[in-house]
Amino acid sequence: MKLGQSFRLGINGITSNKLRSFLTMLGIIIGVAAVIVLVSLATGTTSSITESISSMGSNLLTVNIMGRGNIGTLTEDEMEDWKLIDGVEKIAPIVSGSAEVKAGTETATASLIGSSADYLDMNQLTLAQGRTVADMDVESRQMVAVIGSEIAETLYEGENPVGQNMKITGSNFTVIGVLESEGSSSTGSSDTRLIMPYTTAQRLLRNGNIRQVSVQVASSEQVESVKTALENLLYEKYQDEDLFNIFDQTEILETLEETTATMSLLVGGIAGISLIVGGIGIMNIMLVSVTERTREIGIRKAIGAKKRHILTQFLVEAVVLSCTGGLIGIAFGIAITKIVGALVPSLSGAVSIPVVIVSFGFSLAIGVVFGVYPANQAAGLNPIEALRYQ
Amino acid sequence: MLDMKKICKTYNMGGEPVHALQDVDFYMDEGEFVAIIGPSGSGKSTLMNVIGCLDVPTSGTYELDGKMVAQMSQDQQATIRNEKIGFIFQNFNLLPKLTAIENVELPLLYRGAGAKERHDRAMEALDKVGLSGRAKHKPMELSGGQQQRVAIARALAGNPPILLADEPIGNLDSRSGREVTELIHDLHQQGHTIILITHNNAQAEEADRKVRIQDGFIVSDEKVIR
């Protein structure tokens with residue numbers, strides 16, 4: 001007997017009891033759909049985060065100082081020393097906070113960043129209008145600021161913001177530039193940023209300490225050596241490696257990838273469990289089916305069906321059941337992923353093809369694994385007893 | 001054609017050995033029509049199962065159509081059943097979800113015959129029992145007599161040397177029973193070798209030879225004189 005005929009028999013067995021077959025498949029359908037939706041969304045979102053991080057430039061090191069009080073302060077002289085390290089290209093201290101910004105009657109909340117002239121360059125931000133913070137502004141603590149497009153929109157709707165005045169926590173500032181709109185990304189929007197000379201920010205925030213410094217390295221090959229040199233310098237100063245840390249982008253990327261890989265694994269594991277539960281459902285229904293069709297098996301055996309004929313018939317039925325469930329699950333999974341991706345802008349609707357393939361393979365394997373036992377039971381029935389079964 | 005020597009079959013029932021068949025010698029020639037008669041519990045069913053290769057004897061030899069079949073594996077027995085025996089059951093044993101012709105095709109399917117050969121030979125067999133016009137009907141859409149005729153067509157489809165009929169008219173009304181009996185006679189006339197299992201003496205009288213079995217022994221084996 002050929003496989004094609006076994007298939008026809010298997011499909012006959014399934015269509016002859018549609019509701020039961022559907023309910024049996026439901027476990028697999030839900031499992032496969034869940035795997036596809038969850039893993040696709042997780043990997044899609046990860047890749048969009050990864051993209052936005054690597055677009056910041058992977059040659060960027062971030063130095064954080066955690067010391068209390070004045071211990072944490074980095075002086076300008078020290079930062080000048082860093083520039084002597086081989087491979088260091090640019091250095092931008094970062095003083096951050098948030099501030100209420102007022103112009104006339106309009107108010108906006110901005111994330112305030114005090115930095116140096118190189119900040120825009122290092123973070124790959126571009127200006128839509130005006131100029132950026134210059135070294136001169138830093139030296140003379142000018143009350144000037146570059147604002148994000150959203151702030152510009154809120155405060156100066158329809159007007160040219162450059163040259164306008166605004167008040168930040170009571171002090172008068174002049175807008176010197178507006179950033180190109182970026183739209184929101186998963187790492188936060190640059191559209192609500194407000195960038196001013198770090199010296200000005202220190203005074204404004206009444207916080208003299210520089211606790212964060214961005215260091216741009218000339219090439220990615222030098223990132224490691226620069227990092228080591230900085231670590232040595234900082235250790236010399238603080239004598240305690242817990243008081244500072246140095247992050248590079250690749251490290252952040254790695255951490256992120258690790259986290260999401262663990263997340264995908266967890267999500268996949270949960271969905272995998274539901275697939276196994278579905279498989280048990282299939283096994284259960286196949287066992288019921290074998291009992292119900294004992295007589296049929298007896299008749300087939302009396303007529304000359306061999307063990308393998310009966311085995312294939314029931315195994316094919318289980319596999320057809322689980323694979324049909326798998327295919328329906330894939331269709332549902334793709335549809336749901338697309339819909340969620342379209343409705344939630346921060347989630348990617350891209351379907352992960354490997355996951356589709358793996359989950360289909362998994363549902364096939366489940367059909368085989370959970371079908372073998374019932375099929376074997378059927379094949380092993382004694383024809384005399386099976387014929388006598390009522 | 002069919003030659004059994006010293007066939008014994010012993011079951012173990014709750015630790016007690018039950019001797020269903022004891023030293024049974026049974027012989028049949030090609031083209032014979034033999035009735036095996038006995039009350040229930042006589043060992044009649046066991047003998048039928050051994051003849052039909054559904055069961056293996058505990059001891060003894062059994063030669064069927066030139067093959068020693070007494071001690072065979074289940075799969076070997078399946079092949080013998082498929083090629084050598086055409087079963088006709090009391091309760092027809094048709095598969096309810098298949099049409100008449102699909103039922104008749106089954107033995108050929110397990111033999112690995114191609115679709116066209118299956119269809120042609122099944123149609124031929126249905127024609128023999130006068131039901132070629134009902135090929136596409138499901139068993140439920142047929143009368144009892146028609147169902148049994150489909151079952152006979154199925155037994156004939158593989159062209160086996162022996163037809164083994166177990167109470168073939170036991171579930172039929174007298175008119176359908178008559179039809180089926182006539183059909184069996186016709187098949188015998190056409191040269192088929194037939195074994196009829198029954199508990200009914202009147203039916204057994206239809207055969208050429210009557211073998212009576214009781215308590216696991218063959219107690220008589222005589223020609224039917226008409």
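The values are calculated or read from the model by the stated rules, or taken from the named source; none is laboratory data. On a predicted model such as this, the values are computed, not experimentally measured, just so you know. No Cβ is skipped: glycine too gets one built from the backbone with ideal geometry, and neighbour counts run over all protein chains shown.
Brief remarks on what is shown
- Taken over region A:6-22, the residue count meeting the criterion of being surrounded by fewer than 17 Cβ atoms within 10 Å (Cβ to Cβ) and either within 14 Å of chain B (Cβ to nearest Cβ) or without any contact (Cβ under 8 Å) to a residue 60 or more places away in the chain (or both) is 10.
- Here residue B:83 fulfils each of the conditions (1) within 10 Å of chain A (Cβ to nearest Cβ); (2) without any contact (Cβ under 8 Å) to a residue 60 or more places away in the chain; (3) farther than 17 Å from residue A:295 by Cβ apart from (2).
- Residue in region A:344-352 that is crowded, with 19+ Cβ neighbours inside 10 Å, modelled with pLDDT of 90 or more and either within 14 Å of another protein chain (Cβ to nearest Cβ) or within 20 Å of the chain's Cα centre (by Cα) (or both) present: no
Per-residue answers, yes or no, for (1) closer than 21 Å to residue A:93 by Cα; (2) assigned to a strand (DSSP E or B):
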{"position": "A:108", "(1), (2)": "no, yes"}
{"position": "A:111", "(1), (2)": "yes, yes"}
{"position": "A:114", "(1), (2)": "yes, yes"}
{"position": "A:125", "(1), (2)": "yes, no"}
{"position": "A:133", "(1), (2)": "yes, no"}
{"position": "A:137", "(1), (2)": "yes, no"}
{"position": "A:162", "(1), (2)": "no, no"}
{"position": "A:177", "(1), (2)": "yes, yes"}
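- Unique match (being touching a Cys at 6+ places or on another chain (Cβ under 9 Å) and closer than 24 Å to residue A:27 by Cα) among A:360, A:314, A:332, A:370: A:360
- Only one of the listed residues (A:293, A:308) is surrounded by fewer than 17 Cβ atoms within 10 Å (Cβ to Cβ), over 39 Å from the mean Cα position of the chain (by Cα) and assigned by TED's automatic domain parsing to the domain that holds residue A:19. That residue is A:308.
- Given (1) polar (S, T, N, Q); (2) surrounded by 18 or more Cβ atoms within 10 Å (Cβ to Cβ); (3) free of Cβ contacts under 8 Å to residues at least 40 places away in the same chain, index of the condition residue A:98 fails: (2)
- Candidates A:273, A:303, A:246: the one that is away from chain B (no Cβ under 14 Å) and either at pLDDT 90 or above or in contact with a strand residue (DSSP E or B) (Cβ under 9 Å, 6 or more places away or on another chain) (or both) is A:246.
- Residue B:63 vs. criteria under 19 Å from residue B:88 (Cβ atoms), touching a residue at least 40 places away in the same chain (Cβ under 8 Å) and either more than 14 Å from chain A (Cβ to nearest Cβ) or of a type in the set (S, T, N, Q) (or both): no
- Region A:311-336: number of residues that are within 14 Å of chain B (Cβ to nearest Cβ) and either outside any helix (DSSP H, G or I) or surrounded by 24 or more Cβ atoms within 10 Å (Cβ to Cβ) (or both): 2
- Residue in region B:89-112 that is basic (Lys, Arg), in contact (Cβ under 8 Å) with a residue 60 or more places away in the chain and within 20 Å of residue B:161 (Cα to Cα) present: no
- Pairs are defined by a Cβ separation below 9 Å, a sequence spacing of at least 6 or placement on different chains, a first member in region B:124-140 that is in contact (Cβ under 8 Å) with a residue 60 or more places away in the chain and closer than 22 Å to residue B:91 by Cβ, and a second member that is β-branched (Val, Ile, Thr) and in a helix (DSSP H, G or I); no pair meets this definition.
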